[in-house]
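Pasting a structure here, questions to come.
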Amino acid sequence: QSVPLTSPDLTPLSSLPEKTDLARWRLTTPGLGTPDVGRHLWSYLSDDEVGTAGEQTMEDRFHLGLLPTSSSGSKGERRSAAKAAEDAFLYYQKVQSPDGHFAGEYGGPLFLLPGLVIASYVTETPFPTEWRIEITRYLRNEQHSDGGWGLHIAGPSTVFGTAANYVVLRLLGNGPDLPFMAKARAKLHELGGATGIPSWGKLWLAVLGVYDWEGMNPIPPELWCLPDGVPIHPWRWWIHTRMVYIPMGWLWGCKYTYHDAETDSLISALRTELYAKPYSSINWPSQRNNIASIDIFAPHTKVLNGLMSLLGIYAKFTPGVVRSAGLKQAYNLLCREDENTGYQCLGPVNKMLNQVVRYAVDGPNSPAMAKHREKMRDFLWMSPSGLMMCGTNGSQLWDTSFIAQAVSSTSTLVRNPNIKPSIQAILAWLDDTQIRENPQHYRSCYRFSTKGAWPFSTKQQGYTVSDCTAEGLKAVLDLQQESMGLEQLVDEGRLRDAVDLLLTMQNSSGGFASYETINGPAVLEWINPAEVFGDIMIEYCYPECTTSVVGALCKFRAHSPKYRRADIDKCVSRAVAYILSAQRKDGSWFGSWAVCFTYATMFALECLHLAGYHYENSEPVRRACAFLVSKQNAEDGGWGEGFESCVRGEWTPTESGRSEVVQTSWALLGLLHAQYPDEDGSLRRGAEFVLRGQEEDGSWKETPEGRCVGVFNRNCGIVYPNYRFSFTIWALGKATQRFGESWPPAST
Ligand code: LAN
């Protein structure tokens, strides 16, 4: 059954099973050469399809947790690092997608399902029964023992997480008296109720009709009508922030609310359940800056609150023509975004907001709505613990380019003829995923160039990311080396396109930001209105992005020494200067996109190695090695850094104190790239930790410490399950280069 959540025909959830049949789920992906190559589509076989559908693939069963695990306590024969890397890839290639990429879950954030479900509810979008069952199961699995949910799976219960996911569960059909719902509500009330929800939550609740628009700070869409030269013009903001505030501005500008809010009994029930006092007695304007303290990462500044008071006055007197012009401009921009991305948009937040706007303007049966409804599927991932919404439509390019580099660094794999088809398929996928043109709507919606880029996920999503372009380029250069013996697919002209694009992305400090150059002043951070995220208003230079780009340019320079040599040399030396200036006193670098110092220090050491700096000739490299070695876990020989590092900005161990296989691989890669002499045996002890953790079948099991090694915006965790293969193989492959193919000897 797939009917809107508001339909009278909706089957009550209480009459449905608590779990679907995992054996009926299938992951498919369109083939190479199609516009949506790499797209992830999970579907559930209907009763009629069960008999005729083929078997589940290894890939399906792997992601659903249905493969038998080999572990029986003993991990079998001890392997050399070379054999371990080989066995790991032999296992991993069995779960490669038929088109050549490696798929995976990209969950972690818990503020995304509310957008999916609230938007589906208000836009009368058909919602499959299996989604209702499995989203419920996922949220129940992620519910903390105190009854609440956090901003992300590794965070404490917050008002945002708890109120918004409580609403999700109610809209899916869970009754308020179910024990887990009562518990969630009790936690929400203990935290003060939904009046203290952060602004993005306030907006979704207002759209649903369970929060009053008067309780929202203004988001004037007219900002988009300012001349481009104005320093705070939204085109200058970080792309994720501005793309979210375009539809938010439209919705706020219209005070758009679900059309049946006043008559729908579920809405009136929610108005009672979410608040600690009667809905009609709430003083809404005084809730605008009421944000529960547990939710706050970036508190409102005085400047922001002052600006919001002024905008509050402005909002009362905005002339109709000005408002219409603002709404029109916001609508135009978001339609162009839909068209540029095949209706899946930059990310999950603006995707669902745009869907509501298109419903409101274009109507429920419009072609735009049909496309939006279809593209919701791209963000959904079915896991052993239920159905979740991902941080993007996947991490396809990112994961695939690391595994490519891992394979090409591992001599036993390079030599193994049986895996050639798999590696050739990786190259074919990378080839197909490079973006060849600038966007259809380009300057007219403030897009950065894309010609020559590799995106983070798929070509259709279509956004340039500096380090994704760099890692894509590095991967192609590695796979197209003669020694790999593969058919060459990406020609020189296209490699140059990638280089040309990267050269335009450098900032005045020499560093590289994520999607674009830095276009706005740092003071914009004073008006960050999002409360739960830090450093989101403008682009910043990131050590990780910069190091990837330097690495790519150095590899390209070695491959093609003449092309734009002077430009590349200059760019690299300015970027290296930035990287060295970003090194902290203790020798580490702060990571913004994974946990945390270990991650960024690995990238820095790889890049410095490619640029010619190593332990013997560079003091910064020696300091970085000393940092890594000082964090090695004396107990188990590995490395384990906790998520708190990202939030606090100081190195913190994992909660359990135990090490973790991905972070150990990062530390090893850092030390190996640096050519650390290893007189103290740190490197070898670390590699032994990775070897000990390997299962008999070649894989590494997820551990609680390793569940959430990614992060964004300082405060939100995100998972990268493929890192358990790419970085482990890469580290073991490199260790083999260093210590020889028979290391460690079987007897030790
Ligand atoms: C990502 C994921 C990948 C990441 C790297 C490539 C690792 C990084 O080096 C550059 C930035 C980038 C592309 C990145 C930016 C922010 C994203 C898209 C995410 C962390 C994944 C999810 C996140 C996005 C902002 C989530 C939606 C939330 C909002 C605040 C709008």
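Just give me the residues in the range 712-746 being crowded, with 23+ Cβ neighbours inside 10 Å, of a type in the set (S, T, N, Q) and away from the ligand (no atom under 16 Å from the Cβ), in sequence order.
Thr728, Thr736
May I ask you to list pairs of residues, at least six apart or on different chains, whose Cβ atoms are under 7 Å apart, with the first in the range 511-536 being of a type in the set (Val, Ile, Thr) and the second being away from the ligand (no atom under 16 Å from the Cβ) and in a helix (DSSP H, G or I)?
Ile527/Val303; Ile527/Leu304; Ile527/Leu307
Something else about it: Which of the numbered conditions does Pro35 fail, given that it passes all the others? Conditions: (1) surrounded by fewer than 13 Cβ atoms within 10 Å (Cβ to Cβ); (2) over 28 Å from the mean Cα position of the chain (by Cα).
Pro35 satisfies every listed condition except (2).
What pairs come out if I take residues in the range 616-640 that are within 16 Å of Glu705 (Cβ to Cβ) and pair them with residues that are acidic (Asp, Glu) whose C-beta lies under 9 Å away, six or more apart or interchain?
Lys631/Glu641; Gly637/Glu688; Gly638/Glu660; Gly638/Glu688; Trp639/Glu660; Gly640/Glu660; Gly640/Glu705
Could you tell me how many of the residues in the range 712-730 are modelled with pLDDT of 95 or more, under 17 Å from the mean Cα position of the chain (by Cα) and either among the hydrophobic types (A, V, I, L, M, F, W, C) or under 21 Å from Asp636 (Cα atoms) (or both)?
Of the residues in that region, 4 qualify.
Would you confirm, using the coordinates I've provided, whether Glu606 is crowded, with 21+ Cβ neighbours inside 10 Å and charged (D, E, K, R)?
Numbers: crowded, with 21+ Cβ neighbours inside 10 Å: yes; charged (D, E, K, R): yes.
Spelling it out, Glu606 is indeed crowded, with 21+ Cβ neighbours inside 10 Å and charged (D, E, K, R).
Can you tell me which residue is nearest to the chain's Cα centre (by Cα) among those in the range 343-386 that are polar (S, T, N, Q) and closer than 17 Å to Val117 by Cβ? Break it down into steps so the answer makes sense when it comes.
Our first condition is that a residue be polar (S, T, N, Q); within the range 343-386, this holds for 344, 350, 354-355, 365-366, 383, 385.
From what is left, the residues that are closer than 17 Å to Val117 by Cβ are 350, 354-355.
On the way: Asn350: 14, Asn354: 19, Gln355: 21 Å.
Top of the filtered list is Asn350.
So, in the range 623-660, exactly how many residues are out of contact with any Asp or Glu (no Cβ under 9 Å at 6 or more places or on another chain), surrounded by 16 or more Cβ atoms within 10 Å (Cβ to Cβ) and of a type outside the set (A, V, I, L, M)? Before you say what the answer is, go through the steps one by one.
Taking the range 623-660 first, the residues out of contact with any Asp or Glu (no Cβ under 9 Å at 6 or more places or on another chain) are 624-625, 628, 632-636, 645-649.
Next cut, surrounded by 16 or more Cβ atoms within 10 Å (Cβ to Cβ) only: 624-625, 628, 632-633, 636, 645-647.
Narrowing the set further to residues that are of a type outside the set (A, V, I, L, M) leaves 625, 632-633, 636, 645-646.
Of the residues in the range 623-660, 6 are out of contact with any Asp or Glu (no Cβ under 9 Å at 6 or more places or on another chain), surrounded by 16 or more Cβ atoms within 10 Å (Cβ to Cβ) and of a type outside the set (A, V, I, L, M).
Where the second residue is part of a helix (DSSP H, G or I) and the first is near the ligand (Cβ under 7 Å from one of its atoms) and lies in the range 542-554, which pairs have Cβ atoms under 6 Å and are six or more apart or on separate chains?
Qualifying pairs under 6 Å: Glu544/Ala600; Glu544/Phe603; Cys545/Ser466; Cys545/Asp467.
Only one residue in Val357, Val361, Val349 is within 15 Å of the ligand (Cβ to nearest atom) and of a type in the set (Val, Ile, Thr). Which one?
Being within 15 Å of the ligand (Cβ to nearest atom) and of a type in the set (Val, Ile, Thr) holds for just one of Val357, Val361, Val349, which is Val349.
Could you tell me whether the range 446-465 includes any residue that is assigned to a helix (DSSP H, G or I), touching a residue at least 24 places away in the same chain (Cβ under 8 Å), of a type in the set (A, V, I, L, M, F, W, C) and more than 10 Å from the ligand (Cβ to nearest atom)? If you could, list the steps in order and put the result at the bottom.
First, pick out the residues of the range 446-465 that are assigned to a helix (DSSP H, G or I): none.
Scanning the range 446-465, I find no residue that is assigned to a helix (DSSP H, G or I), touching a residue at least 24 places away in the same chain (Cβ under 8 Å), of a type in the set (A, V, I, L, M, F, W, C) and more than 10 Å from the ligand (Cβ to nearest atom), so the answer is no.
If you don't mind, there's one more thing I want to ask. Keeping to the range 241-257, report how many residues are among the hydroxyl-bearing types (Ser, Thr, Tyr), more than 15 Å from Arg323 (Cβ to Cβ) and either in contact (Cβ under 8 Å) with a residue 40 or more places away in the chain or away from the ligand (no atom under 16 Å from the Cβ) (or both). It would help to see each step written out before you state the result.
In the first step, residues of the range 241-257 are kept if they are among the hydroxyl-bearing types (Ser, Thr, Tyr); the result is 241, 245, 256-257.
If we keep only those that are more than 15 Å from Arg323 (Cβ to Cβ) as well, we get 241, 245, 257.
Right, trim to either in contact (Cβ under 8 Å) with a residue 40 or more places away in the chain or away from the ligand (no atom under 16 Å from the Cβ) (or both) and you get 241, 257.
Count: 2.
I need a count of the residues in the range 585-599 that are part of a loop (DSSP other than H, G, I, E, B), touching a helix residue (DSSP H, G or I) at 6+ places or on another chain (Cβ under 8 Å) and more than 14 Å from the ligand (Cβ to nearest atom). Before you say what the answer is, go through the steps one by one.
Applying the first criterion (part of a loop (DSSP other than H, G, I, E, B)) to the range 585-599 yields 585-593, 595-596.
Cutting the leftovers down to touching a helix residue (DSSP H, G or I) at 6+ places or on another chain (Cβ under 8 Å) gives us 586-593, 595-596.
With more than 14 Å from the ligand (Cβ to nearest atom) added as a condition, the list becomes 586-588.
Result for the range 585-599: 3.
Something else about it: Among the residues of the range 499-512, are any within 13 Å of the ligand (Cβ to nearest atom), modelled with pLDDT of 95 or more, part of a strand (DSSP E or B) and of a type outside the set (Gly, Ala, Ser)?
Going through the range 499-512, the residues within 13 Å of the ligand (Cβ to nearest atom) turn out to be 505, 511-512.
Among the residues that remain, those that are also modelled with pLDDT of 95 or more are: 505, 511-512.
Those still in the list that are part of a strand (DSSP E or B) too: 512.
In the following step, the residues that additionally are of a type outside the set (Gly, Ala, Ser) were identified as 512.
Yes, the range 499-512 contains at least one residue that is within 13 Å of the ligand (Cβ to nearest atom), modelled with pLDDT of 95 or more, part of a strand (DSSP E or B) and of a type outside the set (Gly, Ala, Ser).
If you don't mind, another one. What residue, of Val690, Val709, is in contact with a helix residue (DSSP H, G or I) (Cβ under 6 Å, 6 or more places away or on another chain), modelled with pLDDT under 95 and either within 20 Å of Cys625 (Cα to Cα) or within 16 Å of the ligand (Cβ to nearest atom) (or both)? Spell out how you get there, then give the answer.
Details: Val690 fails: modelled with pLDDT under 95.
Criteria check complete, one pass: Val709.
Rundown of residues vs (1) outside any loop (DSSP other than H, G, I, E, B); (2) aromatic (Phe, Trp, Tyr); (3) within 16 Å of the ligand (Cβ to nearest atom); (4) in contact with an Asp or Glu (Cβ under 9 Å, 6 or more places away or on another chain), yes/no style:
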site	(1), (2), (3), (4)
Arg373	yes, no, no, no
Asp378	yes, no, yes, yes
Trp381	yes, yes, yes, yes
Ala406	yes, no, no, no
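So in the range 205-240, with the set limited to residues that are part of a loop (DSSP other than H, G, I, E, B) and within 16 Å of the ligand (Cβ to nearest atom), which one is farthest from the chain's Cα centre (by Cα)? Walk me through it before giving the result.
First, the residues of the range 205-240 that are part of a loop (DSSP other than H, G, I, E, B): 209-212, 216-220, 226-233, 237-238.
With the extra rule that they be within 16 Å of the ligand (Cβ to nearest atom), the set shrinks to 219, 237-238.
Numbers: Ile219: 26, Trp237: 19, Trp238: 16 Å.
Checked the range 205-240; the qualifying residue farthest from the chain's Cα centre (by Cα) is Ile219.
Restricting the search to the range 266-316, which residues are of a type in the set (Ser, Thr, Tyr) and within 30 Å of Pro8 (Cα to Cα)? Can you show your working first?
Going through the range 266-316, the residues of a type in the set (Ser, Thr, Tyr) turn out to be 268, 272, 275, 279-281, 286, 293, 301, 309, 314.
Within the range 266-316, Ser268, Thr272, Tyr275, Tyr279, Ser280 qualify.
The values are calculated or read from the model by the stated rules, or taken from the named source; none is laboratory data. Quantities reported herein were computed from a predicted structural model and do not represent experimental measurements. No Cβ is skipped: glycine too gets one built from the backbone with ideal geometry, and neighbour counts run over all protein chains shown.
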